[in-house]
Every structure is written in C-alpha cells, then in structure tokens.
1. Of Ala88, Ala171, Ala26, which is the most mobile in a GNM of the chain whose springs link Cα atoms less than 10 angstrom apart?
2. Which one, Leu87, Leu142, Leu64, has the greatest fluctuation when you compute a Gaussian network model over the chain with C-alpha springs under 10 angstrom?
3. Per DSSP helix of 4 or more residues, -39500 (n - 2.57); summed, then divided by the residues of the chain. What does that give at 222 nm, rounded to the nearest 500?
4. Round to the nearest 10 and give me the degree value, 0 to 90, for the angle of helix 97-117's Cα axis relative to the longest principal axis of the chain.
5. Compute a Gaussian network model of the chain, connecting alpha carbons closer than 10 Å, and tell me which residue from Glu15, Glu120, Glu154 fluctuates the most.
6. Please work out the Kirkwood hydrodynamic radius for the chain, using every pair of different C-alpha atoms, and report it in angstroms with one decimal place.
7. May I ask for the angle, rounded to the nearest 10°, between helix 35-57 and the longest principal axis of the chain, with both axes built from Cα atoms and the value confined to 0 to 90°?
8. Please report, in cubic angstrom per residue, the volume enclosed by the convex hull of the alpha-carbon atoms of region 82-178.
Amino acid sequence: LMAVAVVLLVVMLPEGEKPTHRTSLADPFRALRHRGLLTVGITALLYNYGFFTLLAYTPFPLDLGTYAIGFIFFGWGLALAVASVFLAPRLQRRFGTLNMMMLALLLFAADLAAMALFTESKPVLIVCVVLAGLFLGVNNTLITETVMISAPVERSTASAAYSFVRFAGGAAAPYLAGKLGESNVHVPFWVGAACTFLAI
C-alpha cells in the first residue's frame, strides 16, 4: 500500500510553487508564540495521548492473535478514513467546527472510559476500538483544518509547530500506558480518557 501511495503521489500530485524564502528550524518554535496555535497544539497533545494509548496498549488486554488484532484495527482504520473524508465535512457544515471538535473529543473520552470500565471484556474493547475510528477521524480532520488558520504564519510552519507539540503526547503514551498497565490493566485507559477530556 505504501508503494502504491508513492506511485500515486509521483503521478497525480501537481508540482507546488517554489518557496519565496527559506524557513529556518527556529520558525516553528517562534510560531508557537501565537496563542491560537499553541492552544490547538496542546489540545492535540492531550488527545493524542489518548489516541496512542488506544493504539499501543489495547492489543495487550485483547490478548488475541496477530490476524485478529490486524482485522480489528483494520476496522478502526476504515472507520477513521470514512469519518475523515465523508462525515467530518458534513458535520462541520451543519454544526460548526468547534462544536463538532468538542463533541468528537467528548465521545472519544467516553469511549476510552468504557474501555477502562470493561477492560476484561474483549467484545467491548473491539467495539470501542472501531468506534474510536469515527471520533478520531472527525476530530483529526477538523483540528488539522483549524491549526492552519490559527496563526498568521505559513501553512508549512504552522503544521511543523503543531506536529512537534502533538506528537509529544503520541511519544509518551505507549511507554507510560505500558508501565501503568503493569500494575492495573484499567489505569492506562482511565488516564487516556482523562487527557482526552482535558483537551476539550
């Protein structure tokens, strides 16, 4: 699939305009001085913690075979793709960007809380993983669009600054979730739910 993606990018993506000036490595950090961009970045850091807790930790309590885990997360990815491309734009037009972002985050936090309550139930975990794809798909689309207009800097600079902040949550979650899960299997999901709720 990655090879197909590379071929499609080479064949179908038009050439972009050449940049008019160089962007330094410090520019994304300077961009974080803008309150809007920093706020969206911190929001993404918190919900990314929950996101990567789901991705990295859920296979352990599921305790299923490789193919079973693969099919479950295939369902998650399919739900995420459908929500990103089809649901998010329609919901945004009908209810507004901020309202839908807050609702998607609230639903994802509730989803993680359900996983925390019913960690021993594999059917509940499976359903919650797939449902999470819908909430994350909507939120990912809307928050990415929001970050591009939240600071008066170039889109590439805003994206770099935002990605730097948000993936701090993604980097911390797998390690911390694993450590927390060693003592209590429910705690990683509770922490992920709490972080996601704080993002609202």
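The values are calculated or read from the model by the stated rules, or taken from the named source; none is laboratory data. Here the structure is a predicted model, which is why all the values come from computation and not from measurement. All Cβ positions, glycine included, derive from the backbone under ideal geometry; neighbour counts span all protein chains shown. With ligands, DNA and RNA removed, areas are computed over all heavy atoms of the protein, side chains included. Shrake-Rupley method; radii C 1.70, N 1.55, O 1.52, S 1.80 Å.
1. Highest fluctuation of the listed residues: Ala26.
2. With Cα springs under 10 Å in the chain, the top fluctuation among Leu87, Leu142, Leu64 is at Leu64.
3. On the way: 10 runs with 158 residues, N = 200.
Helix-only estimate at 222 nm: -26000 deg cm²/dmol.
4. Helix 97-117 and the main axis of the chain meet at about 30 degrees.
5. With Cα springs under 10 Å in the chain, the top fluctuation among Glu15, Glu120, Glu154 is at Glu15.
6. Computed over the chain, the radius equals 18.0 Å.
7. 30
8. 106
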